[in-house]
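Student: Could you have a look at this structure, given as structure tokens, before my questions?
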Amino acid sequence: MDDHAAIDEVLSALNPPQREAVQHGEGPLLIVAGAGTGKTATLVHRVAWLIAQGVGPGRILLLTFTRRAAAEMLRRVDGVLRKLHAAQAGHGGFRSTGTRVWGGTFHAIATRLLRRYGKAIGLAPGFTIHDRTDSEDFLNVIRTELGLAKTDRRFPKKGTCLDIYSRCVNARQQLAEVLALHFPWCKEWEDELKQLFDAYVDRKEAASVLDYDDLLLYWHALLSDPQAGSAMRKQFERVLVDEYQDTNILQAEILYQLSPDGKGLTVVGDDAQSIYSFRAATVRNIFDFPKHYPETTIVTLEQNYRSTQPILKATNEVIGLAAERFTKNLWSERAEGDRPLLVTCEAEDDQAEFVIRRILEHREAGIDLRRQAVLFRASHHSMLLEAELVRRNIPFHKYGGLKFVETAHVKDLMAFLRLAENPRDLVAGTRILGLLPGVGAQKARQMMDLLTGSGGDFAAWKQAKPPKAAAEIWPKFVALVAGLAQAEGDLPAQVHRVRKFYDPLLAELYDNPHPRSRDLEQLEQIASRYRDRATMLAEITLDPPSSTQDLAGPPILDEDYLVLSTIHSAKGLEWDSVYVIHASDGNIPSDMSTGSPEGTEEERRLFYVALTRAKRWLYVLWPMRYYQSWGSFSDRYGFAQLTRFLPEPAAKCFHRVTSTALDEDADRDEPEGLRAQCTSRSIRKRTKRYWS
DNA sequence: CTGTTGAAATTTTTT
DNA sequence: ATTTCAACAG
């Protein structure tokens, strides 16, 4: 078999448009891929095909939305290459490829490149990276220093300040414009914000730290540097971008700089699935791609391989109601299946109960827990369900929401390492100094000034006078950080030393020290997986493991667990059975985003993304009553409405049931009496909680 | 200045 | 429920 035939064989599983995309030449390529149309397979085959064509793997840059996605794709590329290799066996055609494909998120790749080329634009090689909380903390410090906190009218919260700043950078827009368009209630603070952002930028520079936005900004700047820029352009012969609909202007410009004429550029996306405009992503990137690169070839993938016909019918109906017209018409050859279920629940506990019962039924029928997922709009929507799963010993894994690395104790430990890595990192330093008794904001600030003044030499702290309360612990503290700064011992040993110092403090500072302490033991375990401290710090802030379980390593294969995920984190994934919960107005769409038509439209696409994750069974649930937990006089029920994204024509694609109807045959018009009975049942159940 | 206490305000999505 | 802010005691 010759090379050509071998490639044909490997590509034989693809449909004609997919093949066209895979074998497309050097010109700019836009792949518009509807949900479940084999987008990943196409991208994977294209990478493999390029390598088979002789493009060095090290010359291929694959930009994905998460690192998990990158890892998964590269794994599959290897698989395709192996198949190709097997098909060519005996003809000696295939050369083993030494270097690896560059794969990762924009942020992760930026970090790697900045470590390598950063000097060219005056970036200190030992820079550390601030995650969102760190950046907020930093802004907070500066806000206080500037006296912006004590004004008569309330200044925007630090999180809002960061959002505003971030949008300016990512959308490449003037502050005034951003305020007018997205934060009209903060308009009056324009001057103060200018002041704040000015100082923020300077202080980041002084501290040698980069925030998320800086990673993109600096990469962008680096590309304008004659030497580093052309080195990168030369290196990345081919650039492939996944989820292009969720990139922002800055990212699009980075791509433009990497390949001004679009040569070697491939982007894949679906305008109907753009859900990250809050991060300044704009669907214009995908629409305007052919305008920016006039030579663009567009390939549209419309054949859906994921979902059964009834599910597809429902999802097409939902997206068909969008204000903007989307050009694709997804179709499928897949067999008929069950009509998706629209489940009206009495209250939240009925919803949880229904979901769990169905999950277990499916598992009985041979669908493992890991092939099922519960999706929701906001992280806290799953709380009651989680409690119930724990109670029933059903293992689950939650994606999205508060991350393991965002917990205070993990942040504390990481801050030790970060200060050792970069003694100028003011946020890290302030954080760990504040852990010591008697040390507050002022003293910490003073100590950090001292440290920076001495060029980052921790010897300066040896002579410094600690407050009385910290007198005893101070020498130990200084010895620890000084030792870390010298990088004494391997990484796990370093973490171990921090733990020994930090453990006693943990008990003082936080409520439940034991599980926290165990988390840190875990962290010590996995420290050995990283090449060095800087890599560990960067990777953990850029790709936070979503739970301790995640940190512990790849899950054991025969371990089965249910997936709970925010809809955002479910992007790109699929399951046999999908349960979308809290599908009521106010949740989907979220009350926060119904202020503008664009916001509402994005929520519609979000709902669409959730529904299109399902392969065989789809459940949409909504509780009619919900419990209002924050009117202090408690015990108030509110009444919900079904999400506005399922008006009558769309709802017809669903089989409607109520959660209390034990089997589906008893659906449709519920007798009024039964409904009342169920209501009182759930009220009684709730009442009992007062004494049980 | 630090650490604590009480009152008030605020609840999305994430690299 | 949690976070943030102001006021006060040590």
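The values are calculated or read from the model by the stated rules, or taken from the named source; none is laboratory data. Note that the structure is a prediction, hence the values are computed from the model and not measured. Cβ coordinates were reconstructed from backbone atoms using ideal geometry, including for glycine residues, and neighbour counts include every protein chain displayed.
Student: Somewhere in segment A:494-513, is a residue out of contact with any His (no Cβ under 6 Å at 6 or more places or on another chain), acidic (Asp, Glu) and more than 27 Å from A:PRO466 (Cβ to Cβ)?
Tutor: Within segment A:494-513, none of the residues are out of contact with any His (no Cβ under 6 Å at 6 or more places or on another chain), acidic (Asp, Glu) and more than 27 Å from A:PRO466 (Cβ to Cβ).
Student: Can you tell me which of (1) under 18 Å from A:GLY262 (Cβ atoms); (2) surrounded by 22 or more Cβ atoms within 10 Å (Cβ to Cβ); (3) of a type in the set (Gly, Ala, Ser) is the one A:GLY27 doesn't meet?
Tutor: (2)
Conditions tested, residue by residue: (1) of a type outside the set (A, V, I, L, M, F, W, C); (2) more than 9 Å from DNA strand B (Cβ to nearest atom); (3) at pLDDT below 90; (4) farther than 30 Å from A:ARG518 by Cβ.
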site	(1), (2), (3), (4)
A:GLN549	yes, yes, yes, no
A:PRO555	yes, yes, yes, no
A:GLY572	yes, yes, no, yes
A:TRP575	no, yes, no, yes
A:TYR579	yes, yes, no, yes
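Student: Here's a follow-up. Using beta carbons and a limit of 6 Å, which pairs, at least six apart or on different chains, have the first residue in segment A:414-442 and without any contact (Cβ under 8 Å) to a residue 24 or more places away in the chain and the second one within 16 Å of DNA strand C (Cβ to nearest atom)?
Tutor: Sorted first by the residue in segment A:414-442, then by its partner, the pairs are A:ALA415/A:ARG431; A:LEU433/A:VAL439; A:LEU433/A:ALA444; A:GLY434/A:ALA444.
Student: Can I ask one more? With respect to A:LEU181, is the statement that it is under 30 Å from A:SER596 (Cα atoms) and more than 16 Å from DNA strand B (Cβ to nearest atom) true?
Tutor: No; evaluated as a whole, the condition is false for this residue.
Student: Has segment A:149-162 got any residue that is hydrophobic (A, V, I, L, M, F, W, C), within 14 Å of DNA strand B (Cβ to nearest atom) and assigned to a helix (DSSP H, G or I)?
Tutor: Yes, because at least one residue in segment A:149-162 is hydrophobic (A, V, I, L, M, F, W, C), within 14 Å of DNA strand B (Cβ to nearest atom) and assigned to a helix (DSSP H, G or I).
Student: Please go through segment A:107-142 and pick out each residue that is surrounded by 18 or more Cβ atoms within 10 Å (Cβ to Cβ) and more than 16 Å from DNA strand B (Cβ to nearest atom).
Tutor: Within segment A:107-142, A:TYR117, A:GLY118, A:LEU123, A:PHE127, A:ILE142 qualify.
Student: Oh, and also: For the structure I just gave you, tell me whether A:VAL580 is more than 16 Å from DNA strand C (Cβ to nearest atom), in contact with a Leu (Cβ under 6 Å, 6 or more places away or on another chain) and farther than 16 Å from A:LEU562 by Cα.
Tutor: Answer is no for this residue.
Student: Go through segment A:358-410 and count every residue that is polar (S, T, N, Q), touching a strand residue (DSSP E or B) at 6+ places or on another chain (Cβ under 7 Å) and under 23 Å from A:ILE540 (Cα atoms).
Tutor: Number satisfying all stated conditions: 1.
Student: Examine segment A:484-492 for a residue that is within 16 Å of A:LYS411 (Cα to Cα) and touching a residue at least 24 places away in the same chain (Cβ under 8 Å), and state whether such a residue exists.
Tutor: There is no residue in segment A:484-492 that is within 16 Å of A:LYS411 (Cα to Cα) and touching a residue at least 24 places away in the same chain (Cβ under 8 Å).
Student: Another question, then. Would you pick out the residues in segment A:318-329 that are assigned to a helix (DSSP H, G or I) and surrounded by fewer than 19 Cβ atoms within 10 Å (Cβ to Cβ)?
Tutor: A:GLY320
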